[in-house]
Each structure stands twice: as structure tokens, then as C-alpha cells.
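The values are calculated or read from the model by the stated rules, or taken from the named source; none is laboratory data. This is a predicted model, so every value here is computed, not measured. Virtual Cβ from ideal backbone geometry, glycine too; neighbours counted across all protein chains shown. Accessible surface areas use protein heavy atoms only, side chains included; no ligands, DNA or RNA. Shrake-Rupley method; radii C 1.70, N 1.55, O 1.52, S 1.80 Å.
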Amino acid sequence: MKKWTVFMLVFLLLLSGCSNKEKEKKPVEKEKTVTQTETEKEQPEEKTVAPYSYPLTGVGSETSTDTRAVAVMINNHPKARPQSGLTKADLVYEILAEGDITRFLAVFQSEKPKNIGPVRSARDYYIFLAKGLNALYIAHGYSPEAKKLLNRNYIDNLNGMVYDGTLFKRSKTRKAPHNSYITYENILKGAKQKKYSMEKGPAPFTFLTEDELKNITGADAKSVKIKYSNGGISNSKFEFDAATGKYKRFSGDEQTVDLETKDPVLVDNIFIVEAKHRLIDSYGRREIDLESGGKAYLLQKGKVNQVEWKNKNGEIVPVKNGADVPLVQGKTWINVIPTNPGLEKSISLD
């Protein structure tokens, strides 16, 4: 009996040992779990392209951008500075009016400032530029040549000579003729009264792609000075800010900012074109040839290239070897200077 008991104990011990060995031979494998984060890392990030883009800036939009531009004559006399609304302009033309004073044609399409001004009088060559953009033209007053165009309804327009005190308001902090302002709300109100359509935007400029933007070449130009007169009353300067990739604008040594917000004017493209100017009266008014094309400088991202300009269906565009030169997406400032003295004597690059 004792022998049988010993035998059974030995047998059970051997059986238990074999079972443990089998368990050691077949370890239980843990299932590998893939987290959501690891899955996301494996998938390349897709770039979304906006379905629309603004014609004068190239900036993308999720909603339709086919709305009419508004072109406003803005005063640049020292007593009119700082101005209101310039920071939101997609495009600004700066051209001599009379004497050595320049005037701005500020074109708004992608952004709508609350207040714009001081608004100043019309000149025929500004009207032609606004017409080329299919813009609603806003001015307060006119030269004899401009008045003829406006009287025959050459362009849809609202003029402060008709709407002074209604659509146009006078600032009490400035003296005439440097105190006429108009709100964007009143521009739309006036367009409705006159039954002007605010649909159909301007023809789009040509813009650089993201890959092309990385490969901009040209001579270094961190700043540019534009001389309009010996007196210097309208001389301007642009300085490249590497942090933002944009140019700051100055009238003389005073930075151009918005009167209300104090935001600075920041520009992505500076396009300086040379055009024939001719005095037409004793008051110093001019006839300016904005049709024939000519020499030009284009500054982008701290680089400058000598190009040419042409009038393409009313829009002033840069060209080289017969092809349009693309712009950097963003805001553009076009300075028109006289062929006499010309680019070489009027422009200082640094």
C-alpha cells in the first residue's frame, strides 16, 4: 500500500512538470494594437485648395469672389495723412496729379474698409484705370477732362460734388479739401440708388505658385526710394521686412498707417513703371500715357527685376519676353513715374 502511494505521488509530480514545460514552450502572444495617432502618421497630409481666389490678390476663398471692385481717389497731401482704408486695398496706383503731389487710386475688392478717405477729385487717367478694372469709381470733384468723361457716363461713379453731406461726410478734425470721407456702407447705398450692379469682378492677375514663390531670383533690394519731386513732398520709400515677407511703406520718413486702426500698410509687390507725362495747362495738370508700355522695376520678397509693363485690357501688368510676370499673392502697389527723368534717376535701390 505504501509503495502504491509513493508511485502515485511520483506520477502526479511528473505529469505536472510536463504540463509546465508545455506552457513554457507556447507563450501567449499579446496582440499588437495600432493607435489612432500611429495611423494618422502613416497617412500623408492632404493640402486643401480653396475653390475660389480673389482676382487682384490671388488669395484663396471658400466663397465666390466675383464681386465688383470699388476704386477710390484718395488724397496724399501731407495735410491728408494718415489716410483711412489704404491697408485694405488690394491694389493702389500712385500717380502725380498736379504739381509734385501724387494721388492714390485705391482699389478694394477682397476687403471692405469701414471708412475711406480723404477722398479727392478725379483725373481722366485714373478713370481709365478704374474702367479697366470694371470698378465703381469714387471721387470728390474733377478736372475738366475728367468731368467730360463722367458727364457722359463713361464709368459708373459716385461723386462728392453731387453727394456732399449725404453719402460723403466732412471730418471736423481736418480742413477742406482734405476732409471728405465715405464709408463702404454708403458706397453700397449709393450704388443701389443709382442701380449700379455690384457683380462681376476684374480680370485676374497672374500669380506665382507656392513652388515658384520659393525660387524668386533677382538682385537684392531690401529698400527702394521713389523720387517724385525735388521738394520731396510726395517722395516715398518701401522697406522689406524679412519677418513678414512684406514691404512697409513710408512717405518720407513717416510710416504709412491707417488713421483709425494705426495698422501699417504692408505690400507684397511693388511695381514701378515709367510713362510719358505732358503738362496740359497752367494749373499743372497732366496727360499721362498709360497705353504704350515701357520700362519697369518689379520688387518681390526683397528682390528686384527689371521688366517691362503693358496695358492689358486696361490693367497695368509686368511682362518679360512677351509673357506676363507672375505676382506674389497679396497686395500690389503700382507707382507711375515720368519718363523724364526716368527710372534710373527717380529710383534708388538698396
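Tabulated values for the structure
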{"item": "Label zone at residue 209, where the point sits 7 Å out along the Cα-to-Cβ direction: the range 48-81 residues whose backbone N lies under 19 Å", "result": "48-54, 58-61"}
{"item": "Sequence-distant residues sharing a close amide H with residue 142 (under 5 Å, placed H)", "result": "122"}
{"item": "Förster radius 25 Å - calculated FRET efficiency between residue 200 and residue 152 (Cβ-Cβ, nearest 0.05)", "result": "0.70"}
{"item": "Amide proton proximity set for residue 339, modelled H, under 5 Å, gap of 5+", "result": "275, 276, 277"}
{"item": "Using θ = phi - 60° and Karplus 6.51 cos²θ - 1.76 cosθ + 1.60, couplings along the range 91-99 (whole Hz; Gly, Pro as x)", "result": "9, 10, 9, 10, 9, 5, 9, 9, x"}
{"item": "³J(HN,Hα) computed for each position of the range 59-73 - Karplus, 6.51 cos²θ - 1.76 cosθ + 1.60, integer Hz, glycine/proline x", "result": "6, x, 8, 7, 10, 4, 10, 8, 10, 5, 7, 10, 10, 10, 6"}
{"item": "Förster radius 30 Å - calculated FRET efficiency between residue 192 and residue 253 (Cβ-Cβ, nearest 0.05)", "result": "0.10"}
{"item": "Order by protection proxy (mean Cβ within 10 Å, highest first), peptides 98-104, 247-253, 260-266, 216-222", "result": "98-104, 247-253, 260-266, 216-222"}
{"item": "FRET efficiency, residue 62 to residue 303 (Cβ-Cβ, R0 35 Å, nearest 0.05)", "result": "0.65"}
{"item": "Span-like helix ranges in the chain, DSSP H, alpha carbon extent 20 angstrom or more, Kyte mean at least 0.0", "result": "2-25"}
{"item": "Protein accessible area in the chain, 1.4 Å probe - carbon and sulfur %", "result": "52 percent"}
{"item": "Unsatisfied cross-links (Cα-Cα over 22 Å) in the set 88/200; 88/237; 131/331; 148/169; 301/331", "result": "148/169"}
{"item": "Accessible surface, per residue, of the chain when the full set of protein chains is kept, probe 1.4 Å, Å²", "result": "56 Å²"}
{"item": "Gaussian network model of the chain, springs between alpha carbon atoms under 10 Å - residue of 170, 123, 152 with greatest fluctuation", "result": "152"}
{"item": "Amide H partners (placed H, <5 Å) of residue 167, local residues excluded", "result": "none"}
{"item": "Links that overshoot a 26 Å alpha carbon limit, given the list 114/192; 147/320; 214/246", "result": "147/320"}
{"item": "Rounded Å value of the spacing that divides the Cα centres of the range 169-187 and the range 75-113", "result": "14 Å"}
